[in-house]
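Here's the structure we're looking at; comments come further down.
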Amino acid sequence: MNIYPWHQSNWKNLFFDVKRFSHGLILHGPSNSGINDFASIASKKLICTNSKGSESYCGDCQNCSWFDSQSHPDLFAINNSSLEETKSIVNIDLIRELKVFFELSSHQKNGKKVAVIYDAHQMNLAASNALLKILEEPPNDSVIILTTSGLSSLLPTIKSRSRLEAFHKPSYTEATNFLRTINKDNLSPYLQLHNGNPLALINDHENHPLLIEIIHCLKLGKKFNLSDINGQWFSNGLLWLINLLQKWSYDILLSKYTNQQHYFPSEESIINQLAKNSNASALLKFQKMLIDVKLYATSPVNKEINLDIIFIDYRKIFI
Ligand SMILES: [Zn+2]
């Protein structure tokens, strides 16, 4: 695994002088922008005894091989996605385990002990307070890396005892270049649907055939055929579909007033055409209806929603 191109400057910031590496490090930035991958590579680099200066890990030594088999005795990782669903919050028991981990000395002479808490905003208060205690008296040669997309949820006292490193999401050019280098440039037209985030786009790749099918039907505007709707459309849940319809109708509205598209730039000509044939007040009514359906869909009392009505209203947008 390599550092993503849009994280190169973060890598240089942190590893320019490893001696200045602090005990506590918080990597924060937008979700799904690759911060967790960065933290994983950084922890491997810190544990690899062959790595020098700002170089990455060597990949050949015993430490790297233990890391790869997730059995390195000097590495402690709390990965929220691997926790059981009933324990999806980082709780105090895990931080107690972390304390015990730091009490044992490193297996390597002069080696570091490294802990990574992924998505640290998922820590509950008791766990946060216990972590703070460890950060107040950090063991020698220990590094605790926290990753988060919710910096404001972390205790101010944890932040003040850590070095903060801000990450950004890739620019449009960085994102499209990245897709090209991994031979996925055919996905570039859908980049904006994932807020310009190529990693979220790649993670969602299994939905692209469905996306293309639905967009193909939406392009028909007034001629949208209700019999084309099928159960597959709801396979990701109603919210996924409503989000897609919101983005599609947003682009029609945007095109009507500015001749531009945000989410579907590759569908420029058809969206311009649909916008020309649309009625502004029906379009706004449709968008209001989508917001209402979204509220129903997320409310604890699940009201039955007549899905055909959504698409009947969609057809009414067009003259
Ligand atoms: Zn190594």
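The values are calculated or read from the model by the stated rules, or taken from the named source; none is laboratory data. None of the values given here were measured: they were computed from a predicted structure. Quick reminder, even Gly has a Cβ in these numbers, built from the backbone with ideal geometry, and neighbours come from all protein chains shown.
What do you reckon, is Asp141 in the same structural domain as Pro73 (by TED's automatic domain parsing), out of contact with any helix residue (DSSP H, G or I) (no Cβ under 7 Å at 6 or more places or on another chain) and on the phi > 0 side of the Ramachandran plot? When the stated conditions are applied, Asp141 passes them. Within the range 121-142, being surrounded by fewer than 21 Cβ atoms within 10 Å (Cβ to Cβ) and assigned to a strand (DSSP E or B) holds for one residue alone: Ser142. Going by the conditions given, is Ser153 within 16 Å of the ligand (Cβ to nearest atom), modelled with pLDDT of 90 or more, of a type in the set (Gly, Ala, Ser) and out of contact with any strand residue (DSSP E or B) (no Cβ under 8 Å at 6 or more places or on another chain)? In short, no. Helices (runs of 4 or more DSSP H) fully within the range 27-120 that include at least 1 residues being away from the ligand (no atom under 16 Å from the Cβ) and in the same structural domain as Arg161 (by TED's automatic domain parsing): 35-47, 92-103.
Quick one: Ile215 ticks every box in (1) within 23 Å of Phe311 (Cβ to Cβ); (2) more than 28 Å from the chain's Cα centre (by Cα) except a single one, so which number is it? Every condition holds for Ile215 apart from (2).
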